[in-house]
Amino acid sequence: MNVKLKKFKIASINLFNYLSPPSAYYDFENIYSQAQWQKKQLWFRSFLSEHQPDIVGFQEVFSSKELSVLCKKQGLDYFAVVDKPEIMSDFIYKSQVVAIAARYPILAVEKVLPSEELVNHLGLNEFNFSRQVLRATIDLPSLGLCDFYVVHFKSKRANLNVSDENLPGLSTSASIFAKQFLGRWSADFQRGNEAALLFHAMLQRREKTNQAMILLGDFNDNLHSGVLDALNMQRKKIHSVDIKMSELSQLPDHAINNSLKYYQLNDAHNLFIKTRDFKTMNHLRKSTHYYGTQGSVLDYILLSNEFDTECGASLAEVTSYETFDSHLINPEYDIDSDSTDHAPVMATITIRS
């Protein structure tokens, strides 16, 4: 494309059971009325119209056709999914998919598949992403081809069915505790494997194409939890023992720094903060999800070093980062009641001249 682009906006939105009636999600009672569905549609249509993102990654999509129509009416003419939601019965759906919509051409879209060899090396008999990861290559004016990845990692909800027969010698109360921590560990284990195997696939793609990487979605965990360390590869975390015991120990410090910067991903929020002077401000990051009164950041936009102003390869910078949480902390029932339980996040990227 010959059009010069000065800035563009990237957003991630968890749609929270986006399913048109009369279909149901998970249970036959979970069916939106027409009024609820129209309110939900209006909420997302209003969001896209007001904030005008140029590329959007969506999670919890059941009705992809309806979402595609909604997006195209807002100028997001390019839309893609790589999977279909699973149906339990004629009208009850049990799994959602991710999607991407863009104002610029999507030249290729593919499922991200884990390396079978690496899966075997990790001792995993079988492995599948809990939701299929989408990779879309988008032609951005002034930047060229960029690889966008949309994810919805495994939730913290236990996914291990253990019967009392598998836990001999435990009292009823001890058995309950065992099931809880085993189930939680199983979910963390799945989510950690998803992050690690995805990052490996991203590295392979990076080596092959040298294209910028952008990862966005619902991580269902804090990026600094430890479970998602593969996506949070920072110099200060791996410089000591890991480097001394690896091939990197033969390289000078500047070469190690350059190598890590080329492959690592950067939190768009942090890239925005470090280019601004918040030293005298009490800057707190907004939560994107609440469990009761406990808030947490689960939704992220991660960028490769082309968007980091401290890198010589920087082509653009994050000039704004927003978390839209008013419907969570101060909801208006008539507007927000059927919207989403997550706060959309959006980063504005400005091309460096």
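Here are a few things to note about the model shown:
- DSSP finds beta bridges in the chain, and of those with both partners inside it, around 75 percent are antiparallel.
- FRET efficiency for CYS311 and HIS121, using Cβ-Cβ distance with R0 set to 41 Å, rounded to 0.05: 0.85
- Summing charges over all other residues whose Cβ lies under 14 Å from the Cβ of ASN220, with Lys and Arg as +1 and Asp and Glu as -1, gives -1.
- Among residues other than PHE127 with Cβ under 11 Å from its Cβ, the summed charge is -3 (Lys and Arg +1, Asp and Glu -1).
- Panel note: the C-alpha atoms of region 7-55, placed on their principal axes, show extents of 45, 20, 10 Å (largest first).
- For the chain, adding -39500 (n - 2.57) for each run of n ≥ 4 DSSP H residues and dividing by the number of residues yields -9000 deg cm²/dmol at 222 nm.
- Residues of region 182-223 with an amide N closer than 14 Å to a point placed 7 Å from the Cα of TYR263 along the Cα-to-Cβ direction: 196-208.
- Region 18-90: C-alpha gyration tensor shape, a/c 1.5 cut-off, then a/b vs b/c: oblate
- Net charge over other residues, Cβ less than 14 angstrom from the Cβ of ALA136 (K, R count +1; D, E count -1): -2
- Shape box of region 303-353 [Cα atoms, principal axes, largest first, Å]: 48, 17, 14
- Length available on full extension from LEU170 to LYS274: 0.36 nm per residue minus the Cα-Cα distance, which gives 32.3 nm.
- Over all Cα atoms in region 1-146, the spread is summed up by Rg and Dmax: 17.3, 51 Å.
- Surface share of carbon and sulfur [accessible, 1.4 angstrom probe, percent] for the chain: 51
- For a paramagnetic label modelled on LYS72 (point 7 Å from Cα along Cα→Cβ), amide N atoms under 17 Å away belong, within region 29-45, to 45.
- The calculated FRET efficiency for the pair ILE351 and GLU110, based on their C-beta separation and a Förster distance of 30 Å, comes to about 0.65.
- D (Stokes-Einstein, µm²/s), Kirkwood Cα radius, the chain, 1.306 mPa s at 10 °C: 73
- Two-decimal log10 I(q)/I(0) for region 65-125, as the Debye equation yields it once each C-alpha is a single scatterer, q = 0.22, 0.24, 0.29 Å⁻¹: -0.92, -0.98, -1.13
- Over the chain, Cα pairs under 8 Å with separation of 6+ residues give a relative contact order of 19 percent.
- Considering region 266-353, its Cα convex hull presents a mean projected area of 7.1 nm².
- In the context of the full set of protein chains, the chain has a per residue accessible area of 51 Å² (1.4 Å probe).
- Built from the Cα atoms of region 79-220, the convex hull projects on average onto 11.3 nm², one quarter of its surface area.
- For the chain, the dipole from Cβ point charges (+1 on Lys and Arg, -1 on Asp and Glu) about the Cα centre works out to 860 debye, to the nearest 20.
- Modelled this way, with points 7 Å down the Cα-to-C-beta line, the labels at ARG157 and GLU29 are 1.5 nm from one another.
The values are calculated or read from the model by the stated rules, or taken from the named source; none is laboratory data. Everything numeric in this text was worked out from a predicted model, so none of it was measured. FYI the Cβ positions are ideal-geometry reconstructions off the backbone, even for glycines, and counts take in every protein chain you see. The accessibility values were calculated without ligands, DNA or RNA, using every heavy atom of the protein model including side chains. Shrake-Rupley method; radii C 1.70, N 1.55, O 1.52, S 1.80 Å.
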